1. Hey, what did the chain get for relative contact order, percent, Cα under 8 Å, at least 6 apart?
2. Separation between the R170 and K432 pseudo-spin-labels, each 7 Å from Cα along Cα→Cβ, expressed in nm?
3. How far apart, in nanometres, would the label points at Q447 and S108 be if each is projected 7 angstrom from Cα along the Cα-to-Cβ direction?
4. Take each of the peptides 430-440, 12-22, average the number of other beta-carbon atoms within 10 Å over its residues, and list them starting from the highest.
5. Can you tell me which of 255-265, 281-291 comes out highest on packing, and rank the rest after it, using the mean Cβ neighbours within 10 Å?
6. List every residue whose amide H lies under 5 Å from the amide H of V138, counting only residues 5 or more places away in sequence or on a different chain, with H placed 1.01 Å from N in the peptide plane.
7. For N57 and D257 in the same chain, what is the full-extension length gain: residue separation times 0.36 nm, less their Cα-Cα distance, in nm?
8. Where the eigenvalues come from the Cα gyration tensor of the chain, what are the semi-axes √(5λ) of the equivalent ellipsoid, largest first, in whole Å?
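Only the coordinates and a few stated rules stand behind these numbers; no lab work does. Not measured: the values here are computed from a predicted model. Cβ placement follows ideal geometry from the backbone for every residue including glycine, while neighbour counts extend to all protein chains displayed.
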Amino acid sequence: MEDPRPPRIALLSSPGLGHIIPFAELARHLVRSHRIAVTLITHPADPSATVDRALFNNLPDEVDTVCLPEFPPEDSLNGTTKLETRVSLTINANFPHLRSLLRAISSSAPLAALVIDVFCIDALDVASEFGIPAYLFVTCSCLALNFSFHLLKLDATFQGEYRDLPEPVRMPGCVPVQGTDFIETVQDRRSEAYNWFIRVTKRFYEAKGILVNSFEDLEPGAAKALKEADGVPPVYPVGPLVRAAPDEENECLRWLDRQPRGSVVYVCFGSGGTLTRAQTRELALGLEMSGQRFLWVVKSPHERDVTGTYFGDKSGKNPLDYLPEGFQERTKGVGFFVPSWAPQVAVLGHASIGGFISHCGWNSTLESIVKGVPLIAWPLFAEQRLNAVLLNEDVEVALRPKVSESGLVQRDEIASVVKRLMEGGEGKRLRKRAEELSHVAARSLGQEGSSVRALSEVAREWMDRRT
Ligand code: UDP
């Protein structure tokens, strides 16, 4: 019999702001544009961060937010625990709480679907215990999603490490990708992380549908390939879901007010991207050599782990103390430094910004596209190298600096690539392309836009399911 009460959707994010932010945006779109009641379930990303609290405070009242309590016990984590393992431990430890929560929700409203992050893939089993369909919300590109499915084939047919592949991989509808640009998790086939990746991707086929935070006009070929792929559940590109810039006073924005239009390079490696001391030094000296204005979100360096600050900077030190001696004084008036965190969406939307040195996290990528800012693609981990290939070779809104044999991007390379972006014809071309893309992105989310239509289609499926 049909249940007369309006259905509710539960969204289950994984820890990490790069996941929580797009999930929160999906929740906002569902309640505002599709009038669907939503409970957004998160895990503690970083207990000391005020950022995620601000994120939830800005959500519409109709979104219920619940943060599951568990953090993995500290003694189960050590300095070498890989990010995927840390995240999985947190999520799995929370399944008993997730069950209680879903039980409580279902007693007050029919639960029409559970939408999960890829890191929460085993929650497919929880959804099936409750007899509700599970959907994936993939917070990365259609290229990365195609890649994940393609890797299952490669895993079965190619022996050896992918970085030794003699030819780039050609997936239907996608830009060719060299083995060295594959997702970082799959670069060592004997690792625990590799097996985790394969296991998780195999389970994607069990989802009832896959929402992707990308849009058709950004990745037409890759989106089409997903829709036509054998056995892949229906794919809905619903992006770009990015935050609106909140109204906030911030010193770095006031500094930007005083700079000429389009003159500042914004430098930020996401919520967790971390450089070594040597790389931090090269970056500082390269920016100085470029002679361009810059706004740099500086993080404390980490020698071994490029995700060293993903769960917050525990060093207790001021990141600015790691900058080369005399550097801040020498660049006074030209450079502005923000320790650890800046209001990125507002920064990217500021008229003084002319370029973005980015680690190419997918949210940062989309934010840059939405604001029409060309990039310098400097990937560090996860699927960021794929994003860099997409931006540089396919969409053509980014330059990509060369990494030297020592693994460092050297200061003269940094200076040269910054100058190419900020001065001269090449930069102009990229800026024009970025501006065009920002209009295309806005159209996808406008009335009758492809992403609005795709989200309406899934929303309708959920609304119709009132058993
Ligand atoms: N972010 C921000 N200020 C910062 C660093 C990051 O607001 O100083 C936000 C950024 O706008 C984006 C998210 O944090 O929405 C980072 O997500 P992304 O996917 O780019 O990278 P990740 O943090 O997952 O590596």
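1. Result for the chain is 16 percent.
2. Result: 3.0 nm between the two label points.
3. Label at Q447, label at S108, 3.5 nm between them.
4. Values: 430-440: 16.7, 12-22: 25.3.
So the peptides 430-440, 12-22, ranked by packing, come out 12-22, 430-440.
5. Details: 255-265: 16.2, 281-291: 20.1.
Highest-to-lowest ranking by the protection proxy: 281-291, 255-265.
6. Residues meeting the amide H criterion: L211, V212, N213.
7. 69.3 nm
8. Output for the chain: semi-axes of 35, 24, 23 Å.
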